[in-house]
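Down below is the structure, laid out as structure tokens.
The values are calculated or read from the model by the stated rules, or taken from the named source; none is laboratory data. No experiment lies behind these values; they were computed from the predicted model shown. Ideal geometry is used to build each Cβ from the backbone, glycine not excepted, and the neighbour counts take in all protein chains shown.
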Amino acid sequence: MDIEARLRALESRYRQALSASVSAKAHYLALLDEPNSTPASINRARTQWEKLDARKRGIAARMGEIEDLEQTLMV
């Protein structure tokens with residue numbers, strides 16, 4: 001198992017998830033300020049943002065697990 005390659009792949013996925021999450025949050029916040037936004041569109045935007053943010057956190061957790069594994073293997 002090439003831990004470094006796996007970490008690089010996860011870091012790339014994390015950056016993509018972070019970018020998507022930030023964009024989704026900005027969209028959600030913009031809808032909150034838009035007087036013509038419907039409650040349904042606001043709810044969809046919030047759900048999308050929360051989903052992407054959870055994905056980002058999951059990737060970060062996997063990165064932490066792999067880093068811990070790397071430390072264990074180096075001992």
Checklist entry - What is the number of the single condition among (1) at pLDDT 95 or above; (2) surrounded by 12 or more Cβ atoms within 10 Å (Cβ to Cβ) that ILE66 does not meet? => result (1)
Checklist outcome for this item: Pairing a residue in region 15-38 that is without any contact (Cβ under 8 Å) to a residue 24 or more places away in the chain and closer than 16 Å to GLU50 by Cα with any residue that is hydroxyl-bearing (Ser, Thr, Tyr) and surrounded by 13 or more Cβ atoms within 10 Å (Cβ to Cβ), where Cβ atoms lie under 8 Å and the two sit 6 or more apart in sequence or on different chains, gives LEU31/SER37; LEU31/SER41
Next on the checklist: Looking only at region 40-75, filter to residues that are of a type in the set (Val, Ile, Thr) and assigned to a helix (DSSP H, G or I); which one of those is farthest from SER19 (Cα to Cα)?
Outcome noted: THR72
Next on the checklist: Tally up the residues in region 16-43 that are surrounded by fewer than 13 Cβ atoms within 10 Å (Cβ to Cβ) and β-branched (Val, Ile, Thr), please.
Outcome noted: 1
